[in-house]
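The values are calculated or read from the model by the stated rules, or taken from the named source; none is laboratory data. Keep in mind the model is a prediction, meaning the values are calculated, not measured. Cβ coordinates were reconstructed from backbone atoms using ideal geometry, including for glycine residues, and neighbour counts include every protein chain displayed. Remember, those area values only see protein heavy atoms, side chains included, never the ligands or the DNA or RNA. Shrake-Rupley method; radii C 1.70, N 1.55, O 1.52, S 1.80 Å.
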Amino acid sequence: MKKLISILMACLLLLSGCGKKELTRYEATYYDTFDTVISAMVYADNEKQGNQYLKQIHDRYQQLDRLYNGFKNFDGMTNLKTLNDHAGKGKVVVDKELYDLIDYSIKEYKKFGETNIAFGAVTSIWQQYRDKYEVAPEGGTESDDEVLKEGHPDAKLPPMEALRDANEHTNIDDIVLYPDELAVEIKDPKLKIDLGAVAKGYATEKIGEELRKEGCPAAIISAGGNVKIIGSAPEKDRKYFGIGLQNPEAVIGGTEGADNMKDVLYANDTSVVTSGDYQRFYIVAGKHYHHLIDPDTLMPATHARSVTIVTKDSGYADFLSTTVFCMPYDKGRKLVDSLDGVEAYWIFADGSVQFTDGLKDSLDSQGATNAD
């Protein structure tokens, strides 16, 4: 049930059109990778080709999930868990795809701040407290409804002293890379790498571009809040794919009768990635505590309910969505406005929204449509 619910928590819903198709659409949903529901919609000339595309997507997600997994070891594989287990014990030769993700994440952090993969000692404490009482918003029983309001009576917050102690072991410069050997060394034995803020988007970008190279003319891949669009809508009666922007209030309550979608974005050949406070959370004494931790306060960030980033690269969008979510609006807006080819959409606690100028002509609320 938890994995089924997570697709509803994803900030984006695929809105499909109708009409005469030049290509046939094939769809599949996977529940066994990246601790989320992954859905894929591909267009192909025939069923054999469509199924090949879908198998390729699934196989690659499984491979990358194992490689980027920080919680479980796999026979014959040096993955993130293996690397973290060797913290303080010297360098470890890793697979190029893991090395490249770590290298990428370090470089992006040094440009933008906030999203620090060396922050795992802190996020792992929050995860220990959250996992046991993580909320499934669809509830279904009266007792569940009560838990949704107040939280489980045994749910507690991590002690701030423990969080501060862990924060002493989050220096990203203690992750040392050896490019000639494809090796990584974690100098601090208490430092833990956490790739959760970027791994799904980075993997989705790789998989989408591999699919494009195989000749897939159009596709949408959705992994949690990460959506990768390949090509353009092939139906003759529409120009764009429509991506629904999730209304947080419709997921976790708070506003009776809230619409499920806050807006619809019409776009082709891009990535749409959302970070939100309603995706993974638990409740303590009636207050929600989500999984996106502000490195300045060591508490869940409270600047917005969600931030959606629209840009070509899904890994870049994933990194930026977390980064901007953890910034006050003015600071985040200034950052996004300074970046070429990047747009953003904010939803705030009072239900108000802000979006960058480049999105205006693409939003349903501003009169945009997907009609050809």
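Structure values in brief
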{"read-out": "In sequence order, calculated HN-Hα J values of segment 104-113 (Karplus, 6.51, -1.76, 1.60; Hz; x Gly/Pro)", "value": "4, 5, 5, 5, 5, 4, 6, 7, 10, x"}
{"read-out": "Unit charges on C-beta of K, R, D, E only; dipole of segment 240-371, Debye", "value": "280"}
{"read-out": "Kirkwood Rh, angstrom, segment 161-290 [1 / mean 1/r, Cα pairs]", "value": "18.5"}
{"read-out": "Spin-label pair residue 152/residue 339, simplified geometry with 7 Å Cα→Cβ offset, distance in nm", "value": "3.5"}
{"read-out": "Förster radius 35 Å - calculated FRET efficiency between residue 51 and residue 89, Cβ distance, rounded to 0.05", "value": "0.20"}
{"read-out": "Pairs of lysine residues in segment 240-371 - Cα separation under 21 Å, sequence separation of 8 or more or cross-chain", "value": "5"}
{"read-out": "The chain, dipole about Cα centre (Lys/Arg Cβ +1, Asp/Glu Cβ -1), debye to the nearest 20", "value": "440"}
{"read-out": "Percent accessible area from carbon and sulfur atoms, the chain, protein chains only, probe 1.4 Å", "value": "47"}
{"read-out": "Per residue, in Å², the accessible surface of the chain once ligands and nucleic acids are set aside, probe 1.4 Å", "value": "45"}
{"read-out": "Dipole of the chain, positive direction: furthest Cα of 319, 64, 265, with charges on the beta-carbon", "value": "64"}
{"read-out": "Tensor-based shape of the chain (alpha-carbon gyration tensor, a/c under 1.5 rounded, otherwise prolate or oblate)", "value": "oblate"}
{"read-out": "Order by protection proxy (mean Cβ within 10 Å, highest first), peptides 197-210, 86-99", "value": "197-210, 86-99"}
{"read-out": "Radius 11 Å from Cβ of residue 223, net charge of other residues (Lys, Arg +1; Asp, Glu -1)", "value": "-2"}
{"read-out": "The chain: calculated mean residue ellipticity at 222 nm from DSSP helix runs of at least 4, using -39500 (n - 2.57)", "value": "-10000 deg cm²/dmol"}
{"read-out": "Extension reserve of the residue 74-residue 212 stretch, reckoned as 0.36 nm per residue once the Cα distance is removed", "value": "46.7 nm"}
